[in-house]
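The values are calculated or read from the model by the stated rules, or taken from the named source; none is laboratory data. Predicted, not measured: the structure shown is a model, and the values here were computed from it. Cβ sites come from the backbone with ideal geometry, for glycine too, and all protein chains shown count toward neighbours.
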């Protein structure tokens, strides 16, 4: 089965400015960062009790998302990839592309009582490409297609000559190995993980310049198929996209936040040139992951705006008798800075009910030619009915 990722990448490169295709990845690789807490808190916990979902429950959620068929990429740890991709053959008849985290730098070693993530990041790889591709070392050529052929490589630059040079050298070694073994990758660029590495007002330019400089010496065979990075606001996104239209830019989701944070982020990033969104905690912490993912797709397809999507999402939760983590009013609070063109902003509360006013940016996002003749309630009913067919 043709993978939606491959089709969309080809379409974007064929028409970088006109193509409307958008790639969504579910980042279910948190077990390579957070330890026992990676699967997230269990909905069965009692107030004041910390209980986490199990790894088996985490993997069951992956199966559900894959069976839904809406995302384009499922990013996993090497061990989960072995089980689901190689042993269970979960992706054989799916349009979704399996991918695995190929390295796990020290700034994502986040464990209870630990402090590795507080020190300047150092490159590290616990996974091997052979294990990702075939499940054991020294794959035979015909075995390499058994597993994933796509992986995430992460870099963190801290404006330190020795550390950053070592990171670049390790990335070079990885690229060379990946090219020899027919393994594709996308590049994750984290912001500095130590304070004062770069002045805050210069950080977006620092990251953009390092991306351009890092990839200038890399021929097409070794380049990442897209980027995963912090969204620094429209101005920084436009600058990077304009620099090289064939450098496909994706944004990472970051902390969970409110539902509006997630929906507004993907809408704003797309509006200013991003073509990929990779959400981990934002999806994993959702009350209903299938509905949450469905609304992400509706937003990037231009069928619904972020604010209306939050309201419709809460309506779906009510129908499914799922108690929301936040009230609708709280979930319509924007806590991130995506509203600001410069990348700096303040918390903005949006009206929880139809009517009232919102910012110009919100009003633009709510407009949709396909639904111009419908009231807000009719549009919400339409999307609830569509989700009912998916969710049962």
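Just wondering, is there one or more residues in region 95-103 that are touching a helix residue (DSSP H, G or I) at 6+ places or on another chain (Cβ under 7 Å), part of a helix (DSSP H, G or I) and on the phi < 0 side of the Ramachandran plot? Checking region 95-103: not a single residue is touching a helix residue (DSSP H, G or I) at 6+ places or on another chain (Cβ under 7 Å), part of a helix (DSSP H, G or I) and on the phi < 0 side of the Ramachandran plot. Looking at 247, 278, 260, 325, just one residue is in contact (Cβ under 8 Å) with a residue 24 or more places away in the chain, part of a helix (DSSP H, G or I) and either crowded, with 21+ Cβ neighbours inside 10 Å or on the phi < 0 side of the Ramachandran plot (or both), and that residue is 260. Residue-level analysis places residue 254 outside the set of residues that are on the phi > 0 side of the Ramachandran plot and either at pLDDT 95 or above or buried (at least 21 other Cβ atoms within 10 Å of the Cβ) (or both).
Here residue 86 meets each of (1) within 15 Å of residue 150 (Cα to Cα); (2) in contact with a strand residue (DSSP E or B) (Cβ under 9 Å, 6 or more places away or on another chain); (3) not in a strand (DSSP E or B) with one exception, condition (2). Contact map, region 44-64: first residue farther than 15 Å from residue 284 by Cβ, second residue surrounded by 12 or more Cβ atoms within 10 Å (Cβ to Cβ) and modelled with pLDDT under 95, Cβ cut-off under 8 Å, separation 6 or more or different chains; pairs are 50/41; 51/41; 51/42; 51/45. When 144, 125 are checked against the criterion of being out of contact with any helix residue (DSSP H, G or I) (no Cβ under 6 Å at 6 or more places or on another chain) and either surrounded by fewer than 19 Cβ atoms within 10 Å (Cβ to Cβ) or modelled with pLDDT under 95 (or both), a single residue qualifies: 125. Filtering region 182-199 for residues that are in a loop (DSSP other than H, G, I, E, B), at pLDDT 95 or above and closer than 23 Å to residue 81 by Cβ leaves a non-empty set. From the list 225, 266, 207, the lone residue that is in contact (Cβ under 8 Å) with a residue 24 or more places away in the chain, part of a loop (DSSP other than H, G, I, E, B) and in contact with a strand residue (DSSP E or B) (Cβ under 8 Å, 6 or more places away or on another chain) is 225.
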